[in-house]
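A short write-up of the structure that comes next.
The values are calculated or read from the model by the stated rules, or taken from the named source; none is laboratory data. As the structure is a prediction and not an experimental result, all values here were calculated from the model. Cβ sites come from the backbone with ideal geometry, for glycine too, and all protein chains shown count toward neighbours. Side chains included, ligands, DNA and RNA excluded: accessible areas come from the protein's heavy atoms. Shrake-Rupley method; radii C 1.70, N 1.55, O 1.52, S 1.80 Å.
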Amino acid sequence: MIDVEFPILGTEPVVVEFANTLYGLGDQMDYLRDPQWIDLWFAQVAPEHAAMGQYGEQVRTLRDTVHAVMSAATRGRDPDAATVRRLNAFAAAAPTCLQLEWSDRPTARWLDTVREPDAALGRIATCCIELLAGPQAENLRRCQGPGCSLFFVKNHPRRRWCDPSCGHRDRQARYYRRHLPRGGS
Ligand SMILES: [Zn+2]
């Protein structure tokens, strides 16, 4: 049995959780480096997409792509044109169509028209495009906690951290910086 503690916030759009699998600011930890880890991550975050571990290279290529685009967005920079093209190619490989389902009342459901891995990766790429070009775009942030690199969508005006424990660590670090004597140990 493998036991990995993924950086999953549980509060974010799937593409934000996906980008966060590349963790850290200096030495980065890749939480999708192993096929079993990929399967486990999808089981926890997007269980409708099973057995994605066998497509590790494509999964990591999209992850690196969305990570690069979101890093650029949170720094107010433009991503490379090649990165944007790669993101669009993932979205284009997985067209979906709207289907009517009628049991008791009419409901609509987006249906994948391709198989995995294109379906899963296309949905994540589409989620990325909708986030970056939609009304939540300006709320995409990077956590300000010490050493933390996680992206999140700011859902209330004072949120500055990915989760309350990061906020606690950040406040503690600021407190010690203010209260320790200068040059002290
Ligand atoms: Zn954080």
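What list of ³J(HN,Hα) values in whole Hz, one per residue of region 94-105 in order, does the Karplus curve 6.51 cos²θ - 1.76 cosθ + 1.60 (θ = phi - 60°) give from phi, with Gly and Pro shown as x?
9, x, 10, 10, 7, 10, 8, 10, 10, 10, 6, 9
Give the distance, in whole Å, between the Cα centre of region 94-155 and the Cα centre of region 10-82.
Comparing the Cα centres of region 94-155 and region 10-82, I get a distance of 13 Å.
Heavy atoms only, probe 1.4 Å: what % of the accessible area of the chain goes to carbon and sulfur, would you let me know?
50
Hand me the trypsin sites (Lys or Arg not before Pro) from region 49-128 located in a DSSP loop with no more than 16 other Cβ atoms within 10 Å, in residue order please.
Qualifying residues, ordered by number: R75, R77, R115.
With +1 on each Lys and Arg Cβ and -1 on each Asp and Glu Cβ, and nothing else charged, work out how big the dipole of region 14-179 is about its Cα centre, in Debye to the nearest 20. Write out the running numbers ahead of the final one.
On the way: 22 positive and 19 negative charges, 238 e Å.
Result for region 14-179 is approximately 1140 debye, rounded to the nearest 20.
Any chance you could give the angle, 0 to 90 degrees and rounded to 10, that helix 35-45 forms with the longest Cα principal axis of the chain?
It is inclined by approximately 90 degrees.
Quick check: the angle from helix 164-179's long axis to the longest principal axis of the chain, C-alpha only, nearest 10 degrees?
The angle comes out near 20 degrees.
What number, rounded to the nearest 500 deg cm²/dmol, is the helix-based mean residue ellipticity at 222 nm of the chain, given -39500 (n - 2.57) per DSSP H run of at least four residues and division by all its residues?
Calculated at 222 nm, the ellipticity per residue is -14000 deg cm²/dmol.
Give me the extension gain from N139 to T61: residue separation times 0.36 nm, minus the current Cα-Cα distance, reported in nm with one decimal.
Between N139 and T61, full extension yields an extra 25.6 nm.
Need one number for the chain: average projected area of the convex hull over its C-alpha atoms, nm².
Orientation-averaged projected area of the Cα hull: 14.7 nm².
Enter the angle in degrees (range 0 to 90, nearest 10) between the Cα long axis of helix 56-74 and the first principal axis of the Cα atoms of the chain, meaning the one along which they spread out most.
With both axes taken from Cα atoms, the answer is about 50 degrees.
If the rule is a partner Cβ under 4.7 Å, which cysteines in the chain fail it?
Lacking a cysteine Cβ partner under 4.7 Å: C97, C127, C128, C166.
Which of the listed residues, N139, V66, A125, is farthest toward the dipole's positive end in the chain, when Lys, Arg count +1 and Asp, Glu count -1 at the beta-carbon?
Looking along the dipole axis, the top candidate is N139.
How much accessible area per residue does the chain have, in Å², with a 1.4 Å probe?
61
Do any GluC sites (Glu not before Pro) in region 32-122 lie in a DSSP loop with no more than 11 other beta carbon atoms within 10 Å, and if so, which?
Counting only loop positions with at most 11 other Cβ atoms within 10 Å, the GluC sites (Glu not before Pro) in region 32-122 are E48.
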